[in-house]
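The values are calculated or read from the model by the stated rules, or taken from the named source; none is laboratory data. Given the structure is predicted, the values throughout are model-derived calculations rather than measurements. Glycine also receives a Cβ, built like all others from the backbone with ideal geometry; neighbour counts cover every protein chain displayed.
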Amino acid sequence: MIVRSLDEITDTEADIKTENWRSRRIVLAKEKVGFSFHETVLYAGTESTFWYANHVELVHCIEGEAELTNEETGEKHIITPGTLYLLNGHERHTVRPKTDFRVLCVFNPPVTGREVHDENGVYPLVVEAD
């Protein structure tokens, strides 16, 4: 059993900060449970484009509001607390938070915490050694 608080992760290597967002990686590939779990805050007034070509991501909003654009279709959605989106087709997407936007994210395959978005917003597929 794993019991972990956000306080344990804050300001560690599992607490990733950029100009546009902060992601605290709560469960990573090293736990060997088949997914990773993160709490992420995207900052109001920013714009971030992502394309998880190697991962499926589920995002569940728990605070704030953002506009989500599917860059493949142009379709736009307003995401508010209680709404989730699932990138089951590896859709390239842009998030434009109207307020600070706090979400809980699940990745499959799990991320290791060492991934960095490339110029296309893609995480490389990095696996933990057995």
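Across the stretch 21-60, which residue is surrounded by the fewest Cβ atoms within 10 Å (Cβ to Cβ) among those that are closer than 23 Å to Thr99 by Cβ and over 12 Å from the mean Cα position of the chain (by Cα)?
Gly45
Are there any strands (runs of 3 or more DSSP E) wholly within the stretch 1-55 with 3 or more residues that are in contact (Cβ under 8 Å) with a residue 12 or more places away in the chain and either more than 21 Å from Arg92 (Cα to Cα) or among the polar types (S, T, N, Q) (or both), and if so which? Spell out the reasoning first.
Working: elements: 15-17, 21-27, 36-42, 48-50.
The qualifying strands (runs of 3 or more DSSP E) are 21-27.
Quick one: which of Thr69, Thr94, Thr46 is within 20 Å of Thr18 (Cβ to Cβ), at pLDDT 95 or above, in contact with a Lys or Arg (Cβ under 7 Å, 6 or more places away or on another chain) and of a type in the set (Ser, Thr, Tyr)? Before you say what the answer is, go through the steps one by one.
Numbers: Thr94 fails: in contact with a Lys or Arg (Cβ under 7 Å, 6 or more places away or on another chain); Thr46 fails: in contact with a Lys or Arg (Cβ under 7 Å, 6 or more places away or on another chain).
The unique qualifying residue is Thr69.
Looking at the stretch 26-85, which of its residues are of a type in the set (Lys, Arg) and either farther than 23 Å from Asp15 by Cβ or in contact with a strand residue (DSSP E or B) (Cβ under 8 Å, 6 or more places away or on another chain) (or both)?
Let us first name the residues in the stretch 26-85 that are of a type in the set (Lys, Arg), namely 30, 32, 76.
Scanning the stretch 26-85 gives a single hit, Lys76.
I need a count of the residues in the stretch 61-90 that are surrounded by 13 or more Cβ atoms within 10 Å (Cβ to Cβ), acidic (Asp, Glu) and not in a strand (DSSP E or B).
Within the stretch 61-90, residues that are surrounded by 13 or more Cβ atoms within 10 Å (Cβ to Cβ), acidic (Asp, Glu) and not in a strand (DSSP E or B) number 2.
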